[in-house]
Every structure is written in C-alpha cells, then in structure tokens.
1. Provide Lys124, Lys181 ordered by accessible surface of protein heavy atoms (probe 1.4 Å), highest first.
2. Largest first, how would Thr194, Thr256 line up by accessible area (1.4 Å probe)?
3. Kindly count the pairs of lysines across the stretch 169-302 whose alpha carbons are less than 15 Å apart, treating pairs on different chains or eight or more residues apart as eligible.
4. Using the basic label-point model (7 angstrom from Cα toward the beta carbon), what is the Asn252 to Gln15 distance in nanometres?
5. Could you do me a favour and compute the accessible area per residue for the chain, 1.4 Å probe, result in Å²?
6. Counting pairs on different chains as well as pairs 8 or more places apart, how many Lys pairs in the stretch 52-97 have Cα atoms under 30 Å apart?
7. Taking just the alpha-carbon atoms of the stretch 71-143, what radius of gyration and Dmax come out, in angstrom?
8. With a cut-off of 8 Å between alpha carbons and a minimum separation of six or more residues, what is the relative contact order of the chain in percent?
Amino acid sequence: MKQSLYGYTLEGLQQLVLELGYKKFNGEQILRWLYQSQVTNIDDMTNLSLPVREALKEKYEIFLPEIVKKQVSDDGTIKYLLKMKDGSLVETVLMRYVYGNAVCVSSQVGCNMGCSFCASGLLKKVRDLTPSEMVAEVMTVQHDLNKSNERVSHIVIMGIGEPFDNYDNVMQFIYCINEAKGLAIGARHISVSTCGLVPKIRQLANEKLQINLAISLHAPNNEIRNKIMKVNHAYDMDLLKEALVEYCQKTNRRLTFEYILLNGINDQSEHASQLAKWLEGTNSYVNLIPYNSVDESSYRRSEEKNINNFYNLLKKYKINVTIRREFGKDIEAACGQLRAKSEVRKHENNC
Ligand code: SF4
C-alpha cells in the first residue's frame, strides 16, 4: 500500500528522497509543493525531475480523506465527517474566530478514556491516527477554505481521542504543521488538550515547544472527578497539580483549564470556591463550557443562573475566566456527536 507524503517534517522529507536515491534539496521542494502550492498530485510538482516524480509515485501518494458529511452552521462553523483509507470515520471541525480560522483535529478513532459526559467516549478507541492522517484532516479543511481565499491559522488538538494516548504521532504532527517552509502554523497558534496523563505532561515540558496546553479538568475535587473521569483513578488531582506546577515552572507558559458545567454535578457555588483554591499557584485561565446535551447522556446543561454565578465567583477569586462561545449550536457540534450518530446508524443498519 502506498504511503502518504503528508506528515513529514523538512528533515523527514529530505531523508525520504535521499533513501530514494535523489538529492536532499528535493525534500524542501516537496514540502513547498505540499503545503504552499497545496498540490494533490505528485505529477504537479513540476520542478522535480521526471525520475524523482516517478520514484515518488511508486511508493507515495497525497492522500486526502473522503468528506462523508459536511455540516455548516449559521455561525460559520463547519463540521466534517471524514473517511480514512481503512474506512475509519473521523470528525474535524472548522471554527471561526475574529483572529482567524481554527481547525479542531481528532487524534484517535474513538477514545478509551471513558469520560462519562463525552460522546466520543461512547465509542471505544479503534486505533490511533497517524501524523499523515492528522495533517490530511487539516489539509482537507484548507482545500475547502481555498475556495474563499482563506487560511487555516490555528490548530487545536481537541477532537476525538486523547492526544497524549497517541503522544509520538501527535508530536510528529505538531512538528510537521509548525515547519516554517511548510504550513508554518506558529507554535503559539497550536493547542493540545489532555484529560490529564501526568507522565506525558512531564514529557511535553521537555519538548521545548511553545504550544498551548489545555487540561480537561471538569471537576473541583477528586470525589467528583473520580465519578466523571476515569483517568482520575490513575492520576488524581494532587498528582496532576504537581505535574502542572512543574510544567509552568519549566516552560513559563500559561495553562488553560476546560470545565464543562453539568447541571447539579459540578456547577454549585462551593465547587467554584474549591476550584479557585485548587488553581492557586498555577498561571492559568479557565474556560467554562456550557454542556451540549447529547441524546445518549443523562447529563444536562447547567441553568443559565448557575453558569453566571460560577463565572462571577471565579472572577471574585481573581481567576482569569471566560464562558466559551458555543460553536455550531444548530449542527451536531459537540465533540464526537456526528461520528457517534453515524456509527450508531451504521450498527443499526448492520443489525
Ligand atoms: S473528553 Fe476527551 S479524553 Fe475524555 S472520552 Fe472524550 S475524547 Fe476521550
């Protein structure tokens, strides 16, 4: 089976052409064709000699997934359901901000972390996505944006999957999209989100990358977190905090904490006080997320007055906090919903 040319750094592409018996500088030419000219056919790389193109075509291709479904929201959010070569379905979302276009990338097919409020967790992990598949998610959106002369400017690795459960591939993906002569997405425009895999947070601190780290926290104490996030049984909030304080000291970067407000579970005044206390000593920013109810879940969205009360209390405790703008409310925009529904339908059809 042919391999995709996506997902390599400049150094990786130089190595690839050297192994094919050609010149190192061909690597940079390929990188520019893929990400600056955005060709989808090796034959279009016209400054490569014919023998180089033929040798490339024997082993490689430029794989873009099939767009199985595309939903466009009134607010401009676009949700794509993409089919990879083996038939795996992956969700990718384009979100539009005043400062640019962000693509939310999935890192795995399904997820094994089993967070009880998450539609992605309803479907177990089938496999990890490769760096080339994650790049292909981004390039699929970029090709769509080319029609309106727009550019992907930010990447958030917050789609389906736990990125740190696929650490090496995700890092390779980040180094690839950050490549200056390629897509050139600045490190500060790249965010990765984890549910709290402590050893990998420590590993990231040593990467010397200026990317943004977000933590899916969603609870103010171990009792609640144990109930809603299985990962807390392995790495509780004390271990997590220790690793994060170290991370901040080493990287000097600010952390983002994601906190989904679940009605009656984690949205009361005492929870806001506990959260503020736990955050002491971290350079952080809290993103409150009103829960987007899914049919399959028993959780409900917090009442408006509780959302505002939680926000105001955190403000009072001098915590940097925002209530996340909701994207694509009119489409199935909560992470995993589109794929979950599609898989459920597929299973229904199979029965
Ligand atoms: S919230 Fe993230 S880590 Fe948890 S089940 Fe969903 S995709 Fe996995």
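The values are calculated or read from the model by the stated rules, or taken from the named source; none is laboratory data. Just so it is clear, the structure is predicted and the values come from calculations on it, not from any experiment. In this analysis, Cβ positions are derived from the backbone assuming ideal geometry, glycine residues included, and neighbour counts consider all displayed protein chains. Protein only, heavy atoms only, side chains kept; ligands, DNA and RNA dropped before computing areas. Shrake-Rupley method; radii C 1.70, N 1.55, O 1.52, S 1.80 Å.
1. So the residues, ranked largest to smallest area, are Lys124, Lys181.
2. Thr256, Thr194
3. Lysine pairs meeting both conditions in the stretch 169-302 amount to 6.
4. 3.1 nm
5. 44 Å²
6. For the stretch 52-97, qualifying lysine pairs total 12.
7. Rg then Dmax for the stretch 71-143, in Å: 13.0, 36.
8. Computed over the chain, the figure is 15 percent.
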